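> Sharing a structure here in structure tokens format.
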Amino acid sequence: MRPHRVTAPRKLLLAAILTFGITGCLGDPFEPSPADFYGSEEGLILIFTSSGADLEWDCAVGQITEPFETAEDGSFDLEGTYTPGSGGPVREDDPPVALAARYTGTQTQLSRITLTVEVPESEITLGPYALRLGQGVVLHRCL
């Protein structure tokens, strides 16, 4: 009996099948690890926490206040807050006010997220932001 030879195309097919079987399908829900961070060239940092995520802009902060979960198609629609900043020190008699916000978007790949923020009370929409896993961001704090 002749030994079975695995040709190059068969090796590639076998590698693809093993990789797919080990990593699962792309439709699996996204489950970020706490401390994973994503950055955007537009000046936004998103840092996952055990209960959601923290966000930082040049002159504002935000928080996703529920676990970051995506649907099978990668989309998400999450509640949170958005707190605009102001220049100078924070006054005791005029602290920043956290406004209700909705964070929507899509996890397009394991390392990429598209995010839009809607703040109904202020009638503003921020984004969309193109976030990448581990991308460094330089923030210029408001003065």
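> Over the stretch 28-123, what is the relative contact order in whole percent, taking alpha-carbon pairs under 8 Å and six or more residues apart?
Values: 189 pairs, mean separation 18.5, N = 96.
It comes to 19 percent, rounded to a whole number.
> Just rank Asp58, Asp94, fewest to most, by other beta-carbon atoms within 10 angstrom. Before the final figure, lay out the partial values.
Details: Asp58 13, Asp94 8.
So the residues, fewest neighbours to most, are Asp94, Asp58.
> Around Glu56, with a cut-off of 14 angstrom between Cβ atoms, what is the net charge of the other residues, counting Lys and Arg +1 and Asp and Glu -1?
Details: positive: Arg141; negative: Glu42, Asp54, Asp58.
Computed value for this residue: -2.
> If you don't mind, there's one more thing I want to ask. Which FRET efficiency, nearest 0.05, do Asp93 and Leu133 yield, Cβ-Cβ r, R0 41 Å? Don't skip to the end; give the middle numbers.
Numbers: r = 41 Å, r/R0 = 1.00.
The computed FRET efficiency comes out at 0.50.
> Also, quick follow-up: If I model a spin label as a point 7 Å beyond the Cα along the Cα-Cβ vector, how far apart are those points for Asp54 and Glu123 in nm?
Between Asp54 and Glu123, the simple spin-label model gives 3.3 nm.
> Note the full-extension length gain between His140 and Thr104 as 0.36 nm times their separation in residues minus their Cα-Cα distance, in nm to one decimal.
Fully extending the segment from His140 to Thr104 adds 10.5 nm.
> Rounded if a/c is under 1.5, else prolate if a/b beats b/c, else oblate: with a ≥ b ≥ c from the C-alpha gyration tensor eigenvalues square-rooted, which is the stretch 27-133?
Details: a/c = 1.94, a/b = 1.85, b/c = 1.05.
Prolate, since a/c reaches 1.5 and a/b exceeds b/c.
> Express as a percent, rounded to the nearest 5, the fraction of DSSP beta bridges in the stretch 27-133 (both residues included) that run antiparallel. Mind dumping the intermediate values first?
Values: 45 of 45 bridges.
Bridges in the stretch 27-133 that DSSP calls antiparallel: roughly 100 percent.
Values in this text are rule-based calculations from the coordinates and carry no lab data. Fair warning: this is a prediction, and the values are worked out from it, not measured in the lab. FYI the Cβ positions are ideal-geometry reconstructions off the backbone, even for glycines, and counts take in every protein chain you see.
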